[in-house]
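To start, the structure itself, in structure tokens.
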Amino acid sequence: MFDIERYKDQLLRLHDHICPRQVLGLRMGELAGELLGLPIPQTDKSLFVFIETDGCFSDGVMVATGCSAGHRSMRLEDQGKVAATFVDTRHGAQHGVRIWPHPLSRQRAAEYVTTAQDSWHCQLNAYQRMPSQMLLCSVWVELAAPVQAIMSKSGLRATCAVCGEEIINEREVVRNGVCLCRACAGISRYYLPAIESRQ
Ligand SMILES: [Zn+2]
Ligand SMILES: [Zn+2]
């Protein structure tokens, strides 16, 4: 049985309120633990999660699973979706379980809790009580790259031949024998030098 009390202290340290999306994150984390057969919240790094948006939902996932960016067991793959893929890292695994809210979860919440003052309170309450198969969808997926490649190894360092900055976790790109960071290589560059962007 889902029990919000288990998580309340931790959530309220991160937020001044508990909201429906935090509950969704908690429920997803618990379902992932069940489906993968892993005890949560984890105390090691056996569980790795890709979250597909940030915000309240991601704190729910973090609190339920013990996965976090700080422990390098949580990674944001921003798709703008309240969804997450959970991976058991122990078996060199390239597959995991992707979980997202059932398309009818809001409608079903309204059927589940009919006395709430508004839809926000209705969802907050119903998401705690709905059976997971009413609330969530899940499917087994293959990862595009092994999770070990994403986790990489600690202590690895490279230096970009263009900007001279240090690159860790094997995120460098080698082109014609030249070591580049992803920004200088033009891959997933989210900024331009101010001077260049004003031209
Ligand atoms: Zn919130
Ligand atoms: Zn560079």
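Considering (1) within 16 Å of ligand 1 (Cβ to nearest atom); (2) closer than 21 Å to Arg72 by Cα; (3) of a type in the set (Asp, Glu), the lone condition that Asp16 does not fulfil carries the number (2).
The condition (being small (Gly, Ala, Ser), within 16 Å of ligand 1 (Cβ to nearest atom) and over 24 Å from Ala93 (Cα atoms)) is satisfied by just one residue among Gly55, Gly80: Gly55. Of the residues that sit in the range 19-40 and are within 21 Å of Met151 (Cβ to Cβ) and in contact with a Ser or Thr (Cβ under 6 Å, 6 or more places away or on another chain), which one is nearest to ligand 1 (Cβ to nearest atom)? It comes out as Gly29. Name the strands (runs of 3 or more DSSP E) wholly inside the range 116-199 in which the number of residues that are surrounded by 11 or more Cβ atoms within 10 Å (Cβ to Cβ) and not β-branched (Val, Ile, Thr) is 2 or more. Strands (runs of 3 or more DSSP E) meeting the threshold: 136-142, 178-180. Pairs are defined by a Cβ separation below 8 Å, a sequence spacing of at least 6 or placement on different chains, a first member in the range 124-146 that is assigned by TED's automatic domain parsing to the domain that holds Glu111 and free of Cβ contacts under 8 Å to residues at least 60 places away in the same chain, and a second member that is buried (at least 21 other Cβ atoms within 10 Å of the Cβ) and of a type in the set (S, T, N, Q); the pairs so defined are Met130/Ser105; Met134/Ser105; Val141/Thr85; Leu143/Thr85. Please enumerate the residues belonging to the range 32-72 that are polar (S, T, N, Q), more than 16 Å from Arg6 (Cβ to Cβ) and modelled with pLDDT of 95 or more. Once the filter is applied, which keeps residues that are polar (S, T, N, Q), more than 16 Å from Arg6 (Cβ to Cβ) and modelled with pLDDT of 95 or more, the range 32-72 yields Thr53, Ser58, Ser68.
The values are calculated or read from the model by the stated rules, or taken from the named source; none is laboratory data. Nothing here was measured: the structure is a model prediction, and the numbers come from that model. Positions of Cβ are generated from backbone atoms using ideal geometry, with glycine treated the same way; all protein chains shown enter the neighbour counts.
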